[in-house]
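J.: One structure coming up, written as structure tokens, with questions to follow.
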Ligand code: FAD
Ligand code: NAP
């Protein structure tokens, strides 16, 4: 049994509050669960600390009605174990939240990972000690843990955005947030419901709430592009077919810009006639899913190409939504894909229902939430229930919420005051032996995130193993490598339309947050290649150093052999 675990058990009995591990990981979603598996395989003692009282991360917290993935389930799942891939049967093209949570619980049980996961434990601070090359991690349980390596699997979308609507605390009815939905079933039958927000979470919840509610008011600030999900049950034959070449599917993902199993287009939208374009979009619309954005290669590169694709979706909205005024309000004006696109399962149709009203916050902004309901510049509507689907402090929120201090006590929050800066979205200069999973500066949220998570954890584990094998105490990004990566990242972003609207990718959804486009837009294949090259060239861009002192009871290389 790994030494850290033994220590924890002993400490629990004696109510002692400290322990030493090779690695401390924060977060028990896909990232933390796979970290526990991978680090144990390396023979390292690791503990995964999770604030919630259950594992699952995103799929633990986001239990709102209609929550499901929008990357096909056969892809939005782990690939590290073919046995797992072969034995698990997804029931639908896009699995629901309960099914994904069940899957993650199955993974944890199958590989006996729960013994390395400590629930109900929030990491409050972490500081790096230059004399010992150790991280000291403090939790809300009063524990102090030490480890040479510290991995943040804290999630890109795990910290709800602060509520920035005046009076929200005054509401006397039931108030829910999609991002922290209660475990018990919430019945909206016969109730007057208001939903604020029209991003992915709201789009999934609205059609389902509308079926039950007496009335539903949807408060929209920015209209959202959604293409049909075309969800369907996965029949045995389909499962069999995909499973017969799972390796092939995973390889195709590695060759795709978003890490999904879709062919990469080679044609420009501008080199075909408008009729041919419309016919291609129609085909993609019928297929459903993000394939729409792969109709042509330049939809996020050329404004003209993007305009035509955007107009196609607007024409579909006009066809689906019967009231032309409502259709117009629902028609987005920003470039398609500039904000994250959504998949539609009955969203636009919902606005044809008698009990549903769309409120356009562009023309009638919210003034306040009152005890009874929501007051806009136009009216005051009374509600029994309010649902806030207002999004997240994305990509950096969970990281800077912890007081993380690197060399010379510098706080990461301060270092990132003008926006996050990393090398590869994996590490940041001045914070030795600290690694991020899907950090800002990596393709992360622009990809099938499970694929990106596994890639990051494999890469980080290999890097740690390499450091330990060579007896290095620290692995640290050089400022030059970080700065070159940030320049490159900004340069490729500048060549796209991704940065051309107020998205959470840019931090623009959070008042006061620095505006830096956070994900890497160079594409998954190019990113994989870069990460491989870096590793192959002896972790180019990282400096490795031997510690002048021994730390903890053993050296790194001794610990690497396992305890
Ligand atoms: P998370 O699942 O976010 O887990 C992070 C965990 O860290 C959380 O449980 C949190 O409690 C914990 N934590 C954070 N800070 C601390 C702390 N200080 N101390 C202790 N614990 C802490 N991506 C896709 O690719 N496809 C999809 O279809 C898709 N659908 C999504 C649907 C929703 C509703 C949301 C919100 C996101 C979706 N995503 C999707 C993105 C999703 O977040 C990732 O795919 C993936 O689940 C992230 O896993 P993770 O383990 O990295 O982070
Ligand atoms: P989001 O995309 O950020 O949407 C938040 C919504 O709330 C936006 O419509 C936003 O309007 C609105 N809003 C925020 N503050 C407001 C305010 N003060 N007043 C009025 N409106 C306000 O958040 P999300 O829907 O939770 O999704 C976040 C991400 O999680 C997604 O982009 C996706 O990556 C992931 N996700 C995926 C799925 C899936 O289908 N699998 C489901 C849910 C989430 P503005 O646009 O004007 O800011």
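Each value in this text was obtained by applying a stated rule to the coordinates, not by laboratory testing. None of the values given here were measured: they were computed from a predicted structure. Neighbour counts run over all protein chains shown; Cβ positions are idealised from the backbone, glycine included.
J.: Roughly how tilted is helix 449-469, in degrees to the nearest 10 and between 0 and 90, from the longest Cα axis of the chain?
T.: Taking Cα atoms only, the helix is inclined about 10 degrees.
J.: What FRET efficiency, computed as 1/(1 + (r/R0)^6) with R0 = 41 Å and r the Cβ-Cβ distance, is obtained for residue 410 and residue 170, rounded to the nearest 0.05?
T.: Computed FRET efficiency for residue 410 and residue 170: 0.55.
J.: Full-extension gain between residue 458 and residue 500, please, as 0.36 nm times their residue separation minus the C-alpha to C-alpha distance.
T.: 11.8 nm
J.: Over the Cα atoms of the range 166-209, each weighted equally, I'd like the Debye log10 I(q)/I(0) at q = 0.14, 0.16, 0.30 Å⁻¹, rounded to two decimals.
T.: For the requested q values the scattering log ratios are -0.37, -0.48, -1.45.
J.: Would the range 43-125 count as rounded, prolate or oblate if I go by the C-alpha gyration tensor, calling it rounded below 1.5 in a/c and otherwise prolate when a/b exceeds b/c, oblate otherwise?
T.: Verdict is oblate for the range 43-125.
J.: Counting every Cα pair in the range 181-255, what percent are over 18 Å apart?
T.: For the range 181-255, the fraction of Cα-Cα distances above 18 Å is 62 percent.
J.: Using only Cα atoms, tell me the angle between helix 274-287 and the longest principal axis of the chain; keep it within 0 to 90° and round to the nearest 10.
T.: So the helix axis and the longest Cα principal axis differ by about 70 degrees.
J.: How far, in nm, would the chain grow between residue 272 and residue 466 when pulled straight, counting 0.36 nm per residue and subtracting the alpha carbon separation?
T.: 64.8 nm
J.: Would you mind classifying the range 309-368 by shape? Square roots of the alpha carbon gyration tensor eigenvalues, ordered a ≥ b ≥ c; an a/c under 1.5 is rounded, otherwise it is prolate if a/b is larger than b/c and oblate if not.
T.: oblate
J.: If you average 1/r across every pair of different Cα atoms in the chain and take the reciprocal, what Kirkwood value do you get, in Å?
T.: This gives a value of 24.8 Å.
J.: Using a Förster distance of 22 angstrom, determine the FRET efficiency expected from the C-beta separation of residue 529 and residue 490, and round it to 0.05.
T.: Efficiency, from the Cβ-Cβ distance: 0.70.
J.: How would you rank 38-48, 283-293, highest first, on the average number of other Cβ atoms within 10 Å across their residues?
T.: So the peptides 38-48, 283-293, ranked by packing, come out 38-48, 283-293.
J.: Turning to a different aspect of this structure: Using the per-residue mean of other Cβ atoms lying within 10 Å as a proxy for protection, in what order, highest first, do the peptides 196-208, 101-113, 306-318 fall?
T.: In descending order of packing, they fall as 196-208, 306-318, 101-113.
J.: How far is it, in nm, from the label point at residue 53 to the one at residue 255 when both lie 7 Å from their Cα along the line to the Cβ?
T.: For the pair residue 53/residue 255, the computed spacing is 4.9 nm.
J.: Given the range 439-554, what whole percent of its Cα pairs are spread farther than 17 Å?
T.: It works out to 63 percent of all Cα pairs.
J.: Output the peptides 117-125, 223-231, 508-516 sorted from most to least packed, where packing is the average of other Cβ atoms within 10 Å over each peptide's residues.
T.: Top to bottom by mean Cβ count within 10 Å: 223-231, 117-125, 508-516.
J.: Can I ask one more? Under a plain spin-label model, where a point goes 7 Å from the Cα along Cα-to-Cβ, how far apart in nm are residue 144 and residue 18?
T.: Output for this residue pair reads 0.5 nm.
J.: Between residue 83 and residue 243, with labels modelled 7 Å along Cα→Cβ, what's the label distance in nm to one decimal, could you check?
T.: 1.5
J.: Additional query: Which length gain, in nm to one decimal place, applies between residue 41 and residue 163 when the Cα-Cα distance is subtracted from 0.36 nm times their residue separation?
T.: That works out to 39.7 nm of additional length.
J.: Separate question: Mean separation of Cα pairs under 8 Å and 6+ residues apart, divided by the residue count of the range 358-470: what relative contact order is that in percent?
T.: Normalised by residue count, the contact order of the range 358-470 is 12 percent.
J.: Would you work out the relative contact order for the range 70-185, in percent, from Cα pairs under 8 angstrom that are 6 or more residues apart?
T.: It rounds to 12 percent for the range 70-185.
J.: Okay, next question. Within the range 494-508, whose backbone N sits under 19 Å from a point 7 Å along Cα→Cβ of residue 301?
T.: So the set is 494-500.
J.: Right, next: Pairing the Cα long axis of helix 303-320 with the longest principal axis of the chain, what angle in degrees results, from 0 to 90 and rounded to the nearest 10?
T.: Once rounded, the angle reads 60 degrees.
J.: Over the chain, what is the relative contact order in percent, taking alpha-carbon pairs closer than 8 angstrom and at least six residues apart?
T.: Computed value for the chain: 20 percent relative contact order.
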